[in-house]
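The values are calculated or read from the model by the stated rules, or taken from the named source; none is laboratory data. Nothing here was measured: the structure is a model prediction, and the numbers come from that model. Reconstructed Cβ throughout: ideal geometry from the backbone, glycine too, with neighbour counts over all protein chains shown. Just the protein is used for accessible areas: all its heavy atoms, side chains included, with ligands, DNA and RNA removed. Shrake-Rupley method; radii C 1.70, N 1.55, O 1.52, S 1.80 Å.
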Amino acid sequence: MNLDEARALMHEWVAGPALRTHMECVAACMGRYADQFQPDQKQRWQICGLLHDLDWEKHPNHDEHPFVAVKLLREKGVDEEILTAILGHAEYSGTPRTTPMAKSLFAVDELAGFIVACAKVRPDGVASLEPRSVKKKLKAREFAAAVSRDDIATGIAELGIDESQHVQTCIEAIRSERARLGV
Ligand SMILES: [Fe+2]
């Protein structure tokens, strides 16, 4: 499956613009981490991001998400490293995150959502958003309260990266897609 096919599949399964944008943002962040860990596999990393919540709109419960998507993607020939990463982003699946891809997906998922929430309350969106502003809002528990700060902290610890650098990387990734995604 190439990136265009993954995007077409995502559009087939996900109608909501917010979830589409979220998947695109996670794909952009995954692309940045592919540059660091596995640059020759960048498209696979982006596909992993683009498809990680494929079944969330149709199956928004822990019994089915992301298991329905993983089954479908396996039938479509998507490789096990990607599937294991998608399983691993759901803590309750019990799938350990052992690869850089799986650790990166978990580390960027909630943060990407949080960055979009930060961008939404700014007149110029993500254009001038800085890591210190994001970190300040992370401490304000009432802001975007649904975003798990614990998951973000766990992701950073697993990836073994600096928090500010991680936030910067994800902001830059999302900013690079700003014109297309309108964030
Ligand atoms: Fe997600």
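Summing Lys, Arg as +1 and Asp, Glu as -1, what charge do residues with Cβ under 14 Å from the Cβ of residue 49 carry, residue 49 excluded? All intermediate terms of the calculation are to be shown ahead of the outcome.
Working: positive: 7, 20, 32, 42, 44, 103; negative: 24, 35, 53, 81, 109, 110, 177.
Charge balance near residue 49 sits at -1.
Go ahead and estimate [θ] at 222 nm for the chain from helices alone: -39,500 (n - 2.57) per DSSP H run with n ≥ 4, summed, over the residue count, rounded to 500.
Counting only the DSSP helices, I get -20000 deg cm²/dmol.
Counting only heavy atoms of the protein chains, get the accessible area per residue of segment 1-151 (1.4 Å probe) and round it to a whole Å² value. Can you show the working numbers first?
Numbers: 6980 Å² over 151 residues.
Counting only protein heavy atoms, the per-residue value for segment 1-151 is 46 Å².
May I ask for the Kirkwood hydrodynamic radius of the chain, worked out over all distinct Cα pairs and given in angstroms to one decimal?
Values: mean 1/r = 0.0617 Å⁻¹.
When all Cα pairs of the chain are included, the Kirkwood radius is 16.2 Å.
Report the label-to-label distance for residue 117 and residue 58 in nanometres (one decimal), using points 7 Å from each Cα along the Cα→Cβ vector.
Once both label points are built, they end up 2.8 nm from each other.
Using a Gaussian network model of the chain whose springs link C-alpha atoms within less than 10 Å, name the residue from 37, 114, 106 with the highest mean-square fluctuation.
Judging by the Gaussian network model, the answer is 37.
By per-residue mean of other Cβ atoms within 10 Å, what is the highest-first order of 41-51, 61-71? Numbers along the way, then the final one.
On the way: 41-51: 23.4, 61-71: 16.3.
Descending packing order for the listed peptides: 41-51, 61-71.
Lysine pairs in the chain 8 or more apart or on different chains: how many have alpha carbons under 19 angstrom apart? Mind dumping the intermediate values first?
Details: 42/103; 58/71; 58/76; 120/135; 120/136; 120/137; 120/139.
The result is 7.
At 0.36 nm per residue, and after removing the present C-alpha to C-alpha distance, how many nm does the segment from residue 37 to residue 178 gain when stretched out fully? Intermediate results must be reported in sequence, preceding the final value.
Values: separation 141, 0.36 × 141 = 50.76 nm, distance 2.40 nm.
So the chain would gain 48.4 nm between residue 37 and residue 178.
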